[in-house]
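*Asks:* Quick one: the structure is below, questions incoming.
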Amino acid sequence: MGMFFRENRNEVTKSMVLDYTWERREELIRAEEYEDGKREGLEIGRAEGEKLGRAEGEKDTHRFLINKWLQKGKTIAEIAEDLGKSEEYVESLM
């Protein structure tokens with residue numbers, strides 16, 4: 001077997017380099033795909049977080065307004081109309 005490697009040294013070397021190059025290329029592709037997936041996941045997570053944050057902020061604002069208007073004597077129906085929401089929604093935030 002040693003004789004084969006000595007006689008075919010150039011071919012063996014090329015084959016080893018090709019195998020190494022192919023494996024390295026595959027590693028780089030996997031790493032790049034992993035980073036792409038990670039980046040995409042972060043973007044989706046950030047967008048969902050912003051959406052939830054805005055919804056919570058809107059609810060907080062509505063709670064504040066509901067309490068303020070109730071103190072001024074407005075009815076639940078009037079408040080719901082002013083907010084453009086249902087009476088059930090207003091009651092759920094009280």
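Read-outs: derived from the displayed coordinates by stated rules, not from any lab. From a predicted model like this one, the values you see are computed outputs, not experimental measurements. Virtual Cβ from ideal backbone geometry, glycine too; neighbours counted across all protein chains shown.
*Asks:* Given Cα pairs under 8 Å that are at least 6 residues apart, what percent is the relative contact order of the chain?
*Replies:* 18
*Asks:* Could you list Tyr89, Tyr34 so that the one with the fewest beta carbons within 10 Å of its beta carbon is first and the one with the most is last?
*Replies:* Details: Tyr89 16, Tyr34 10.
With the fewest neighbours first, Tyr89, Tyr34 line up as Tyr34, Tyr89.
*Asks:* If you don't mind, there's one more thing I want to ask. What are the semi-axes of the equivalent ellipsoid for segment 52-94, taken as the square roots of 5 times the Cα gyration tensor eigenvalues, largest first, in whole Å?
*Replies:* Numbers: eigenvalues 61, 24, 12 Å².
Sorted largest first and rounded, they come to 17, 11, 8 Å.
*Asks:* What's the extension gain from Arg63 to Lys51 if we count 0.36 nm per residue and subtract their Cα-Cα distance? Could the numbers behind the result be given before it?
*Replies:* Details: separation 12, 0.36 × 12 = 4.32 nm, distance 1.85 nm.
Length difference between fully extended and current span is 2.5 nm.
*Asks:* List the lysines whose Cα lies under 23 Å from the Cα of Lys68, skipping any in the same chain that are fewer than 8 positions away.
*Replies:* Lys59, Lys85
*Asks:* Next up: Expressed in nm to one decimal, what extension gain is obtained for the pair Gln71 and Glu87 from 0.36 nm per residue of sequence separation less their Cα-Cα distance? Before the final figure, lay out the partial values.
*Replies:* Details: separation 16, 0.36 × 16 = 5.76 nm, distance 1.70 nm.
Computed gain between Gln71 and Glu87 is 4.1 nm.
*Asks:* Then there is this: Counting only helical runs of four or more DSSP H residues, what would the 222 nm mean residue ellipticity of the chain come to if each run contributes -39,500 (n - 2.57) and the total is spread over all its residues?
*Replies:* For the chain, the value works out to -31000 deg cm²/dmol.
*Asks:* Over the Cα atoms of the chain, what Rg and Dmax result, in angstrom?
*Replies:* Just the Cα atoms of the chain yield Rg and Dmax of 32.8, 101 Å.
*Asks:* Please arrange Ile66, Ile44, Ile76 by how many other C-beta atoms lie within 10 Å of their C-beta, fewest to most. Walk me through the numbers on the way to the answer.
*Replies:* Values: Ile66 22, Ile44 10, Ile76 17.
Fewest to most other Cβ atoms nearby, the residues stand as Ile44, Ile76, Ile66.
*Asks:* Output the 0 to 90 degree angle, nearest 10, between the alpha-carbon long axis of helix 9-71 and the longest principal axis computed from the alpha carbons of the chain.
*Replies:* 0
*Asks:* In addition: Pick from Gly73, Gly49, Gly41: which residue has the top mean-square fluctuation in a GNM of the chain where Cα pairs under 10 Å get a spring?
*Replies:* Evaluated over the chain, the most mobile residue of the options is Gly73.
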